Amino acid sequence: MKKMICKNYDALSYLAANIIAEQIKNKPDTVLGLATGSTPMGTYKELVRRNKKGAVDFSGVTTFNLDEYYKISGDNPQSYHYFMYRNLFDHININRNNIHIPDGNTASVEQECERYDRLIRDAGGIDLQVLGIGSNGHIGFNEPASELITKTHLTALTENTIQDNARFFNHADEVPVHAITMGLGTILKAKRIILLISGKNKAEIFKKAFEGKITTNLPASLLQLHPDTTVIVDEEAAFKLVS
Ligand code: PGA
């Protein structure tokens, strides 16, 4: 993993948007892997700004989101479908047919997971994957465990994640307890990965993921094995690093 330390969240967002915009400029039919959560919001805002002034063109881009709650419908304001349209897709010139998010309302989870992996394969795999990290080290909804699953799958959220995500709901009881997520195998097959980390509350987990042992109990630590991962981190999240 390489790291780029930015002064603050705005600088991090700007830098991440630069990398994504550059990728699209070099390969207009880029396949982007996208993440939800608070961390990439500034990056998406910056990409919207650039798209509006004609500096980045999404017309040939295909996207695959990491995950979606289960069971939830796409028009539910708490869904990741809703989040992605409100924060990015509604404001850029992307072809709606090229947007992919797991269907959290599917009647057949197994078929949906297979369909999702097939779509990623048929698109030629992910060129650039954007990731955040959970305070427990999860990526996507691949939660710490003794074994991790390779492909897209249904997973149970840990209590830690439910509590973290409760801030987006009226009450922790309303947070869905399951999600459909890309697996670690799919994520690690992305040609290039940028992992965005911001804020003091991520400093400890970032240090462990970046400098500690590789373990499925800290899924983000597996990124140490990926040949082209860059961590874009702000000073608040980086202050515990030794190297
Ligand atoms: P956050 O979530 O960006 O809202 O901190 C990250 C994650 O859970 O992957």
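Here is how the numbers come out for the structure above:
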| item | result |
| --- | --- |
| Residue match in segment 86-96 (condition: surrounded by 17 or more Cβ atoms within 10 Å (Cβ to Cβ) and within 15 Å of the ligand (Cβ to nearest atom)) | yes |
| Boolean, N136 is modelled with pLDDT under 95 and either touching a strand residue (DSSP E or B) at 6+ places or on another chain (Cβ under 9 Å) or assigned to a loop (DSSP other than H, G, I, E, B) (or both) | no |
| Residue check for E68: part of a strand (DSSP E or B), crowded, with 20+ Cβ neighbours inside 10 Å and of a type in the set (D, E) | yes |
| Verdict on A123 being within 16 Å of the ligand (Cβ to nearest atom), surrounded by fewer than 18 Cβ atoms within 10 Å (Cβ to Cβ) and either in contact (Cβ under 8 Å) with a residue 60 or more places away in the chain or not hydroxyl-bearing (S, T, Y) (or both) | no |
| Scope segment 41-82; condition under 13 Å from G140 (Cβ atoms) and under 12 Å from the mean Cα position of the chain (by Cα); matching residues | F64, N65, L66, D67, E68, Y80 |
| Number of the condition not met by F206 [criteria: (1) touching a strand residue (DSSP E or B) at 6+ places or on another chain (Cβ under 8 Å); (2) within 17 Å of G33 (Cα to Cα)] | (2) |
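Okay, residues lined up against (1) in contact (Cβ under 8 Å) with a residue 40 or more places away in the chain; (2) among the polar types (S, T, N, Q); (3) surrounded by fewer than 22 Cβ atoms within 10 Å (Cβ to Cβ); (4) assigned to a loop (DSSP other than H, G, I, E, B):
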position: V130; (1), (2), (3), (4): yes, no, no, no
position: D173; (1), (2), (3), (4): no, no, yes, no
position: T186; (1), (2), (3), (4): yes, yes, no, no
position: F210; (1), (2), (3), (4): yes, no, no, no
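The values are calculated or read from the model by the stated rules, or taken from the named source; none is laboratory data. Given the structure is predicted, the values throughout are model-derived calculations rather than measurements. Every residue, glycine as well, gets a Cβ built from its backbone with ideal geometry; the counts of neighbours run over all protein chains shown.
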